[in-house]
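One structure below.
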Amino acid sequence: MEPEDSPSRPMIDEIHSNGGIGVDEPSRNKRPIISSGEQLDVEAYASLYQGRTKIMRLLFIADHCGGNAAMRLEALRMAYDEIKKGENTQLFREAVQKIDGKLGPNYGVDSAWCEMVDRRAEQKKEKLENELNAYRTNLIKESIRMGYNDFGDFYYAHGALGDAFKNYVRTRDYCTTAKHIIHMCMSAILVSIEMGQFTHVTSYVSKAEQSAEALDPITGAKLRCAAGLAHLEGRKYKLAARKFLEAGPELGSHYNEVIAPQDVATYGGLCALATFDRTELKNKVIDNVNFRNFLELVPEVRELINDFYSSHYASCLDYLGNLKANLLLDIHLHDHVETLYEQIRSKALIQYTHPFVSVDLRMMANAFKTSGAGLEKELEALITDNQIQARIDSHNKILYARHADQRNATFQRVLQTGSEFDRDVRSMLLRANLIKHEYNLRASRKL
């Protein structure tokens, strides 16, 4: 490889040592690498959440864990136990259907429990309706607001998310303080996330942020996380990264009915890697004291970000490869894993080639742990998309950078600036002469 200039020598030395060629850093061998055979600890994962999202995440794992029968049954068993703590009989029946008797008689259809819960639900619904009608008759705004809010909680607990959303939104007409509005928005956001209606999430986050004076730090962090999830779902990864990075450490486990702090680190870190340039990655992620608290919870993500910034691509890609199977079991991230991984890998290839006039493709393939033919195809795609200015010598397996002629480009800019100056001066002179000879005034008199 031929370096383009001497100031980039330290980074070049790091890149030369990457990929297992002459690695002489004993400290790097001590880094914890995830075992490629390590699978998700379902129990530890589920303990990070509570409420409906815990159940939905467990059912999602059961549906997407492939041929891992033990993981599937463990997830279904935990989902069954969690559902019985609540009042959602419809979700209970779905879980029983998926278990299909494979967990023994203790995890079958509990008809007595279902009938009891449904009967109690009918009684509670009737009571809530009577109370709400009484509040409407008395025209007490606060009581009506509480009545609709109780109805929203009732429908949410029983899995009727559409009806829950409608009742939460109805409280808006009876909100008398900024705190009431924020409470309404947070309830609507929670149900919208569960329904997958992320346009509603964005709308109610904006509405809640308008009452900034009543926002406490924890609620502010929750809103940023909700906005980050909405941007992630919309594939606006850079905006998602910024929102997750803005979430403060005060979030803690206060929003585990939606997202765990470990998720903030993973979603924010991967989105930032895929979309931020080196300067942003350094300033907004690595040097971000608040976000560092989240990264400490997921050391694998912290290490892969540091490796990427330090140009240790082989180690970075190892971490990504080992994390992939578990990330595909994440209810929010699974649809975006492939896209994010492609963007991160493309950025790594671009960053690797940037300091050089020529690059040995064999050494580069070794650093990225891929075949020479596969690497050439990846580089061809990046060159076609104009992301790398280079050409490939397939015979000698060398990538040659195509750098613009700076001298010619400077002359072209000077000539263009001169032409623009000449045009502007002529326009000013013309305008001055028109004003001097009162051309506009004469034209208006003729009319």
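The values are calculated or read from the model by the stated rules, or taken from the named source; none is laboratory data. Being a predicted model, the structure only gives us computed values, none of them experimental. Ideal geometry is used to build each Cβ from the backbone, glycine not excepted, and the neighbour counts take in all protein chains shown. Ligands, DNA and RNA are excluded from the accessible area calculation, which covers all protein heavy atoms including side chains. Shrake-Rupley method; radii C 1.70, N 1.55, O 1.52, S 1.80 Å.
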Heads up, I need the accessible area for residue 109: 1.4 angstrom probe, whole protein in place, Å², nearest 10. 100 Å²
Loop-resident trypsin sites (Lys or Arg not before Pro) in region 111-186 with no more than 15 other Cβ atoms inside 10 Å, DSSP not H/G/I/E/B, are none
With the chain treated as a Gaussian network of Cα nodes joined by springs under 10 Å, which of 431, 242, 302 yields the largest mean-square fluctuation? 431
Hey, in the GNM for the chain with a 10 angstrom Cα cutoff, which one of 263, 318, 118 fluctuates hardest? 118
Skip the ligands, DNA and RNA, and give the accessible area per residue of the chain with a 1.4 Å probe, whole Å². 53 Å²
Taking H as built 1.01 Å from N, whose amide H comes closer than 5 Å to the amide H of residue 357, not counting residues under 5 places away? 2, 4
With label points set 7 Å from each Cα along the Cα-to-Cβ direction at residue 335 and residue 216, the distance between them in nm comes to 3.4 nm
Mind checking the angle between helix 299-309 and the chain's longest principal axis? C-alpha axes, 0 to 90 degrees, to the nearest 10. 10 degrees
Using θ = phi - 60° and the Karplus relation 6.51 cos²θ - 1.76 cosθ + 1.60, list the HN-Hα couplings for region 259-265 in order, rounded to whole Hz, with x at every Gly or Pro. 8, 9, x, 5, 5, 4, 5
Estimated 222 nm signal from helices in the chain, with DSSP H stretches of n ≥ 4 weighted -39500 (n - 2.57), rounded to 500: -21000 deg cm²/dmol
For region 367-380, Karplus-derived ³J(HN,Hα) couplings (6.51, -1.76, 1.60; θ = phi - 60°; whole Hz; x for glycine and proline) come out as 5, 9, 6, 9, 7, x, 5, x, 5, 4, 5, 4, 5, 4
Whichever aspartates and glutamates have a C-alpha closer than 19 Å to that of residue 284, once near sequence neighbours (fewer than 8 apart) are set aside: 246, 250, 263, 296, 300, 303, 307
Accessible-area ranking of 311, 346, 203, largest first, probe 1.4 Å: 203, 346, 311
For residue 398, enumerate residues with amide H under 5 Å from its amide H, sequence gap 5+ or separate chain, H modeled in the peptide plane. 361, 393
Separation in nanometres of the label points that stand 7 Å from Cα toward Cβ, at residue 43 and residue 297: 2.1 nm
Distance from a point 7 Å along Cα→Cβ of residue 396 to each backbone N in region 337-361: keep the residues under 15 Å and list them by number. 357-361
So how tilted is helix 217-233 from the main axis of the chain? Cα-based, degrees 0 to 90, rounded to 10. 70 degrees
Using the alpha-carbon atoms, what tilt in degrees (0 to 90, nearest 10) does helix 237-246 show relative to the longest principal axis of the chain? 70 degrees
Please arrange 428, 56 by accessible surface area, largest first, computed with a 1.4 Å probe and ligands excluded. 428, 56
Report the Cα centroid-to-centroid distance between region 244-284 and region 147-213 in angstrom, as an integer. 24 Å
Would you work out what percent of the accessible area of the chain, with all protein chains in place, is carbon or sulfur (probe 1.4 Å)? 50 percent
Using 0.36 nm per residue, how much length does the chain from residue 111 to residue 436 gain when fully extended, once their Cα-Cα distance is taken away? 107.4 nm
Calculated FRET value between residue 103 and residue 64, using beta carbons and R₀ = 30 Å, to 0.05: 0.95
Residue by residue through region 419-436, what is 3J(HN,Hα) from phi via Karplus (6.51 cos²θ - 1.76 cosθ + 1.60, θ = phi - 60°)? Round to whole Hz and write x for glycine and proline. 4, 5, 5, 4, 5, 5, 5, 4, 5, 5, 5, 4, 4, 4, 5, 4, 5, 4
